[in-house]
Amino acid sequence: MLNQMTYSLPEDLKKTFQTKLDEWQTDDLIARIWEKEAAVWTGDDENRWLGWLDIIETELNDPEKYRAVRADTEGFADAVLLGMGGSSLCPEVLAETFGKKNFHVLDSTVPAQIKTLDERLDLEKTLFIVASKSGSTLEPNTFKQYFYRRVAETVGEEAAGKHFIAITDPGSKLQNVAERDGFRHIFFGEPSVGGRFSALTVFGMIPGAVMGLDVETFLQNAREMAEECRREDPSKNPGALLGLILGLGQLSGRDKLTIFTSPEIYDLGAWLEQLIAESTGKHGISIIPIDGEPIAKPFDYGNDRVFAYLKLKETADESQDEKVLLLEDSGFPVVRVELADRMNLGQEFFRWEFATAVAGAVMEINPFNQPDVESAKVEARKITDEYEKTGELPGEKAFFEEDGIKLFSGKEYVAQLDAFTGGERSLKKYLEAHLAHIQENDYFALLAYIEMNEENRRLLEEIREKVFREKLEATALGFGPRFLHSTGQAYKGGANNGVFLQITADDAVDFPVPEQDYTFGVVKQAQARGDFQVLLDRGRRALRVHLGPNLKEGLQKILEII
């Protein structure tokens, strides 16, 4: 059964939408996408990254590997996915949506996060899935080094490899490591599928099989949407319709895609964030996905929003329907998607991948590259290299400190903040000055390099909600470093309409990365500082708040001030 989509558009967008539908029909653009013609976008290398169009059929030609790995790994009590971005978000969505409490995802270098997970596991009964397309990504490699040593200490060096599975592209560094260490399995991805388009490849489906899902049925359901997205009439193509709405919305200034979900599929928003932000945020333009904001009243929103409401047909929360209907009645562009069943989640993976490709064509960008992701990695690498040489992190000086809380920013932005405070230097005044920079049609992003746990999330969400209520502009929350492989691309490469508050803290616990000369705490600090430096280099309005050793107390103080 096909998931159903409806949409409601304001008059001005409706007119341009109909014009664009006619244009796509005349220019035969749907067929050209399926023919993998790079000229649909920018004529660059887009044709090299379209393997996701056919991947469902490819995977259904070999369903036995999914049945086999499911049977082979049933004896493990827990499974842990070690990966980032496109290698981790689909498995996370599947685990959360299907209630797989014994399937965990590690995508943070924060030492406390790693320690919390480690303490939950019986390593003798735990399977680790190391997922990295390139095989050279810093985070999954350090995670593997740490847990491989922990497992070897527990079960012995000779048996350790049987607790590990690798998912990577052929010929990668990870393949060599997995073969050397005797991994239980190595599964190869399709090189022509980029990470954020890899949900329906082995990167999403092998973890799905390990957690006990019927992958063959899941893919068969997804194939129904892929077939619908082959329709050459864009007015009857569910992926093209959605993509044209997103792309035209961005061109008309509606560049904040605000995502609401029913509670059963809440984590789908995290996957959509990465797909959309990393694909469309570049060359000074972007669609900024806004996930996790509560549904507000229509008069609380500006004209920079497109709303997407994804719900499970048999949802336990029908109250959202009326709130979304109010938005429609008030003339906002609203897309509604109703999933017939959780097993139809794969249909949305494909619909939104196709829609993102279409939106990229409308926006005249290459949606398959990520030119600004590497920039933060380069800055972080400089810092870790310096640490390896000297044994210390490069020095940095706060421009203000109060009660152990330090503030950092670039000289130019500090001058702007000082001008606002009028010489009254205090934590409260500087935070007020920073938030005063949020103007109409901007967005506010809270970037927290701290443990992603329930208490920290609650406090950060309260800060976020206070800012929204005060400013009535879009707000986002990201935990570092995971957002670097997701929304980080759009924050740095997209439009300069973001105001950023980065939060860092001292690590209560820290420990070395095996085989390296640095600790996880050093990696986390390098990533945070590298990320922040690139924001400043791009002229972003960015303030870093370092909370010191008492994280909870510091967060509460920020909350009280705001």
Indicate the gyration tensor shape class of the chain (rounded, prolate or oblate), computed on the Cα atoms with a ≥ b ≥ c the square roots of the eigenvalues: a/c under 1.5 is rounded; otherwise a/b larger than b/c is prolate and the rest oblate.
oblate
If r is the Cβ-Cβ distance from Leu2 to Gln416 and R0 is 51 Å, what FRET efficiency results, to the nearest 0.05?
0.50
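Which order do the peptides 426-437, 311-322 take when ranked by the mean count of other beta-carbon atoms within 10 Å per residue, highest first?
On the way: 426-437: 17.6, 311-322: 13.4.
In decreasing order of mean packing, 426-437, 311-322 become 426-437, 311-322.
Lys and Arg at +1, Asp and Glu at -1: add these up for the other residues within a Cβ distance under 9 Å of Leu551 and post the number.
Numbers: positive: Lys552; negative: Glu451, Asp506, Glu553.
Spelling it out: positives minus negatives among the neighbours equals -2.
Can you tell me the dipole magnitude for the chain around its Cα centre, using point charges on the Cβ only (Lys, Arg +1; Asp, Glu -1), in Debye to the nearest 20? Walk me through the intermediate numbers first.
Values: 64 positive and 96 negative charges, 156 e Å.
Dipole about the Cα centre, nearest 20: 740 debye.
Before I look further, what does the range 114-199 give for accessible area per residue, probe 1.4 Å, in whole square angstrom? Intermediate values should be presented prior to the final figure.
Working: 3440 Å² over 86 residues.
Result: 40 Å² per residue.
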Quick one: 3J(HN,Hα) in Hz for the range 214-224, Karplus 6.51/-1.76/1.60 with θ = phi - 60°, rounded, Gly and Pro as x.
7, 5, 4, 5, 4, 6, 4, 5, 5, 4, 4
Dipole of the range 228-347 (Lys/Arg Cβ +1, Asp/Glu Cβ -1, origin at the Cα centre): which of Trp271, Pro238, Leu325 lies farthest to the positive side?
Pro238
Quote the charge dipole size of the range 302-390 about the Cα centre in Debye, to the nearest 20; the model charges only the Cβ of Lys and Arg (+1) and of Asp and Glu (-1).
200
Testing the spin-label approximation: label points 7 Å from Cα along Cα→Cβ at Lys173 and Glu322. State their distance in nm.
5.6
Say the dipole of the chain comes from +1 at the beta carbon of Lys and Arg and -1 at that of Asp and Glu; which of Pro191, Thr154, Thr504 then lies farthest toward its positive end?
Thr504
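Take peptides 348-361, 489-502, 12-25, 110-123 and line them up by average Cβ neighbours within 10 Å, highest first, as a rough protection proxy. Spell out each step's value before the answer.
Numbers: 348-361: 26.1, 489-502: 23.4, 12-25: 15.6, 110-123: 17.5.
Ranked by mean Cβ neighbours within 10 Å, highest first: 348-361, 489-502, 110-123, 12-25.
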Förster radius 60 Å - calculated FRET efficiency between Asp233 and Glu454 (Cβ-Cβ, nearest 0.05)
0.80
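What dipole magnitude, in Debye to the nearest 20, does the range 1-123 give about its Cα centre under +1 on Lys/Arg Cβ and -1 on Asp/Glu Cβ?
420
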When the chain is fully extended, how far beyond the present Cα-Cα distance does Lys36 get from Lys125, taking 0.36 nm per residue of separation?
27.6 nm
Here the percent of antiparallel bridges among DSSP beta bridges lying wholly in the chain, to the nearest 5, is 20
When the charge dipole of the chain is computed with +1 on Lys and Arg Cβ and -1 on Asp and Glu Cβ about the Cα centre, the Cα farthest towards its positive end, among Val177, Tyr518, Gly423, belongs to Gly423
Name the lysines eligible as straight-distance cross-link partners of Lys428: C-alpha to C-alpha under 22 Å, and not fewer than 8 places from it in the same chain.
Lys397, Lys406, Lys411, Lys466, Lys471, Lys552, Lys557
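So what is the calculated 222 nm ellipticity per residue for the chain, using -39500 (n - 2.57) for each DSSP H run with n of 4 or more, over all residues, to the nearest 500 deg cm²/dmol?
-14000 deg cm²/dmol
Rounded to the nearest 5, what % of DSSP beta bridges with both residues in the range 447-562 are antiparallel?
On the way: 1 of 11 bridges.
If we restrict to bridges inside the range 447-562, about 10 percent are antiparallel.
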Sorted by chain and then number, the residues having a modelled amide H within less than 5 Å of the amide H of Ile167, at least 5 places away or on another chain, are Val130, Ala131, Ser132, Phe187
At 1.4 Å probe size, with the rest of the protein present, what percent of the exposed accessible area of the chain is carbon and sulfur atoms?
45
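Leaving out ligands and nucleic acids, and using a 1.4 Å probe, what accessible area per residue does the range 223-313 come to in Å²? Don't skip to the end; give the middle numbers.
Numbers: 2560 Å² over 91 residues.
Result: 28 Å² of accessible area for each residue.
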So what are the ³J(HN,Hα) numbers for the range 15-25, from phi and the Karplus equation (6.51, -1.76, 1.60; θ = phi - 60°), rounded to whole Hz, Gly and Pro as x?
5, 5, 5, 5, 4, 5, 4, 5, 5, 5, 5
Probe 1.4 Å, all protein chains in place: accessible area of Asp233 in Å², nearest 10?
50
Nonlocal amide H pairs with Phe479, under 5 Å, H built at 1.01 Å:
Ala448
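Counting heavy atoms of the protein chains only and a 1.4 Å probe, report the per residue accessible area for the range 366-466 as a whole number of Å². Don't jump to the answer; show the numbers that get you there.
Numbers: 5190 Å² over 101 residues.
With all protein chains present, the range 366-466 gives 51 Å² per residue.
The values are calculated or read from the model by the stated rules, or taken from the named source; none is laboratory data. In this text the structure is predicted, and so the values were computed from the model without any measurement. A quick note on method: Cβ atoms are made from the backbone with ideal geometry, for glycine too, and the neighbour counts reach across all protein chains shown. Each accessible area value is taken on the protein alone, full model and side chains, heavy atoms only, with ligands, DNA and RNA left out. Shrake-Rupley method; radii C 1.70, N 1.55, O 1.52, S 1.80 Å.
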